[in-house]
Amino acid sequence: MDLTVVLTGRAPYAFTIVLLLIGLYGMMAKQNLMKKLFGMNIFQGAIILFFIVHAYKTGASVPVLDDALGTDPTRYVNPIPHGLMLTAIVVSVATTGVALALLIRIYRSYGTIDEVELLERLRKDESR
(Lines give C-alpha, C1' and ligand atoms only; values in the text may rest on other atoms or scores of the structure.)
Protein backbone atom coordinates (compact mmCIF):
# COMPACT_ATOMS: atom_id res chain seq x y z
CA MET A 1 0.00 0.00 0.00
CA ASP A 2 1.26 3.47 -0.91
CA LEU A 3 2.22 5.69 2.04
CA THR A 4 0.43 8.73 0.55
CA VAL A 5 -2.83 6.77 0.48
CA VAL A 6 -2.43 5.82 4.12
CA LEU A 7 -1.63 9.37 5.26
CA THR A 8 -4.34 11.11 3.24
CA GLY A 9 -6.69 12.68 5.75
CA ARG A 10 -4.42 11.60 8.60
CA ALA A 11 -1.66 14.15 8.15
CA PRO A 12 -2.80 16.31 11.10
CA TYR A 13 -2.73 13.24 13.34
CA ALA A 14 0.71 12.23 12.05
CA PHE A 15 1.98 15.77 12.69
CA THR A 16 0.50 15.66 16.20
CA ILE A 17 2.24 12.35 16.92
CA VAL A 18 5.56 13.78 15.70
CA LEU A 19 5.12 16.80 17.98
CA LEU A 20 4.22 14.54 20.91
CA LEU A 21 7.37 12.49 20.36
CA ILE A 22 9.56 15.60 20.06
CA GLY A 23 8.12 16.98 23.30
CA LEU A 24 8.49 13.67 25.10
CA TYR A 25 12.09 13.37 23.90
CA GLY A 26 12.80 16.90 25.14
CA MET A 27 11.40 16.15 28.58
CA MET A 28 13.02 12.75 29.02
CA ALA A 29 16.42 12.97 27.31
CA LYS A 30 17.64 16.51 27.89
CA GLN A 31 19.61 17.48 31.01
CA ASN A 32 19.05 21.25 30.76
CA LEU A 33 15.92 22.27 32.67
CA MET A 34 15.09 25.00 30.14
CA LYS A 35 15.14 22.42 27.34
CA LYS A 36 12.89 20.21 29.45
CA LEU A 37 10.49 23.13 29.77
CA PHE A 38 10.54 23.65 25.99
CA GLY A 39 9.79 19.95 25.56
CA MET A 40 6.87 20.23 27.97
CA ASN A 41 5.46 23.19 26.03
CA ILE A 42 5.76 21.30 22.74
CA PHE A 43 4.04 18.30 24.34
CA GLN A 44 1.21 20.48 25.68
CA GLY A 45 0.81 22.15 22.29
CA ALA A 46 0.60 18.76 20.59
CA ILE A 47 -2.14 17.61 22.96
CA ILE A 48 -4.11 20.80 22.35
CA LEU A 49 -3.63 20.38 18.61
CA PHE A 50 -4.85 16.78 18.84
CA PHE A 51 -8.11 17.80 20.51
CA ILE A 52 -8.71 20.64 18.04
CA VAL A 53 -8.01 18.40 15.04
CA HIS A 54 -10.24 15.68 16.44
CA ALA A 55 -13.11 18.13 16.99
CA TYR A 56 -12.95 19.45 13.41
CA LYS A 57 -15.79 18.49 11.04
CA THR A 58 -15.63 19.16 7.31
CA GLY A 59 -18.55 21.29 6.18
CA ALA A 60 -19.94 21.81 9.67
CA SER A 61 -21.08 25.16 11.02
CA VAL A 62 -20.84 26.92 14.36
CA PRO A 63 -23.44 25.71 16.85
CA VAL A 64 -25.90 28.50 16.25
CA LEU A 65 -29.24 27.29 14.93
CA ASP A 66 -29.42 28.01 11.21
CA ASP A 67 -32.64 27.50 9.23
CA ALA A 68 -30.63 26.40 6.18
CA LEU A 69 -28.92 23.60 8.14
CA GLY A 70 -31.92 22.59 10.22
CA THR A 71 -31.62 20.83 13.56
CA ASP A 72 -29.40 17.94 12.41
CA PRO A 73 -26.59 17.79 15.02
CA THR A 74 -24.12 16.27 12.54
CA ARG A 75 -24.07 19.58 10.67
CA TYR A 76 -22.76 21.52 13.65
CA VAL A 77 -19.37 21.56 15.39
CA ASN A 78 -19.24 20.59 19.06
CA PRO A 79 -17.94 23.69 20.92
CA ILE A 80 -16.93 21.87 24.11
CA PRO A 81 -13.48 20.63 22.96
CA HIS A 82 -12.62 24.11 21.72
CA GLY A 83 -13.63 25.69 25.03
CA LEU A 84 -11.67 23.09 26.97
CA MET A 85 -8.59 23.74 24.85
CA LEU A 86 -8.85 27.48 25.51
CA THR A 87 -8.73 26.59 29.20
CA ALA A 88 -5.77 24.27 28.55
CA ILE A 89 -3.92 27.11 26.80
CA VAL A 90 -4.42 29.37 29.83
CA VAL A 91 -3.20 26.62 32.17
CA SER A 92 -0.19 26.03 29.90
CA VAL A 93 0.78 29.70 29.96
CA ALA A 94 0.42 29.81 33.75
CA THR A 95 2.48 26.63 34.16
CA THR A 96 5.19 28.01 31.89
CA GLY A 97 5.31 31.27 33.83
CA VAL A 98 5.69 29.50 37.17
CA ALA A 99 8.33 27.14 35.71
CA LEU A 100 10.33 30.06 34.33
CA ALA A 101 10.19 31.82 37.70
CA LEU A 102 11.43 28.63 39.38
CA LEU A 103 14.23 28.25 36.83
CA ILE A 104 15.38 31.82 37.53
CA ARG A 105 15.33 31.11 41.26
CA ILE A 106 17.26 27.83 40.80
CA TYR A 107 19.87 29.53 38.63
CA ARG A 108 20.36 32.36 41.11
CA SER A 109 20.69 29.92 44.02
CA TYR A 110 22.89 27.26 42.42
CA GLY A 111 24.43 28.89 39.35
CA THR A 112 23.20 26.19 36.96
CA ILE A 113 20.07 24.75 35.38
CA ASP A 114 21.75 21.53 34.28
CA GLU A 115 19.97 18.68 36.05
CA VAL A 116 23.01 16.48 36.76
CA GLU A 117 25.12 19.37 38.02
CA LEU A 118 22.23 20.67 40.11
CA LEU A 119 21.72 17.28 41.77
CA GLU A 120 25.46 17.09 42.56
CA ARG A 121 25.37 20.52 44.18
CA LEU A 122 22.25 19.60 46.17
CA ARG A 123 23.93 16.41 47.44
CA LYS A 124 27.03 18.40 48.34
CA ASP A 125 24.89 20.92 50.29
CA GLU A 126 23.06 18.07 52.03
CA SER A 127 26.27 16.42 53.23
CA ARG A 128 27.47 19.57 55.01
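Under DSSP H, which helices of the chain have Cα atoms covering 20 Å or more of the helix axis and a Kyte-Doolittle average no less than 1.0?
Span-like helices, by this rule, are 11-29, 33-55, 80-110.
If you keep only loop residues by DSSP, which chymotrypsin sites (Phe, Trp or Tyr not before Pro) in the range 70-120 have at most 15 other Cβ atoms within 10 Å of their Cβ?
none
With every protein chain left in place, what is the accessible area per residue of the chain in square angstrom, probe 1.4 Å?
73 Å²
Projecting each Cα onto the charge dipole of the chain (Lys/Arg +1, Asp/Glu -1 at the beta carbon, about the Cα centre), which of ALA29, VAL93, THR112 comes out farthest on the positive side?
THR112
Roughly what would the spin-label model give for VAL62 and ILE17, points 7 Å off Cα along C-beta, in nm?
Computed distance between label sites VAL62 and ILE17 equals 3.4 nm.
Calculate what fraction, in whole %, of the accessible area of the range 27-118 sits on carbon and sulfur atoms when a 1.4 Å probe is rolled over the protein chains. Mind showing how you got there, number by number?
Numbers: 4330 of 6220 Å².
Using a 1.4 Å probe with all protein chains present, the range 27-118 comes out at 70 percent carbon and sulfur.
Of the listed values (1) 7.5; (2) 8.3; (3) 11.7, identify the label whose number matches mean projected area of the Cα convex hull in nm² calculated from this model.
(3)
Only Lys, Arg, Asp and Glu count, each charged at its Cβ (+1, +1, -1, -1), so figure out the dipole size of the chain about its Cα centre, rounded to 20 debye.
Working: 12 positive and 10 negative charges, 108 e Å.
The calculation lands at about 520 debye.
The values are calculated or read from the model by the stated rules, or taken from the named source; none is laboratory data. Everything quoted here is computed from the prediction, not taken from an experiment. Positions of Cβ are generated from backbone atoms using ideal geometry, with glycine treated the same way; all protein chains shown enter the neighbour counts. The protein model used for the area step is the full one, side chains on, heavy atoms only, and it has no ligands, DNA or RNA in it. Shrake-Rupley method; radii C 1.70, N 1.55, O 1.52, S 1.80 Å.
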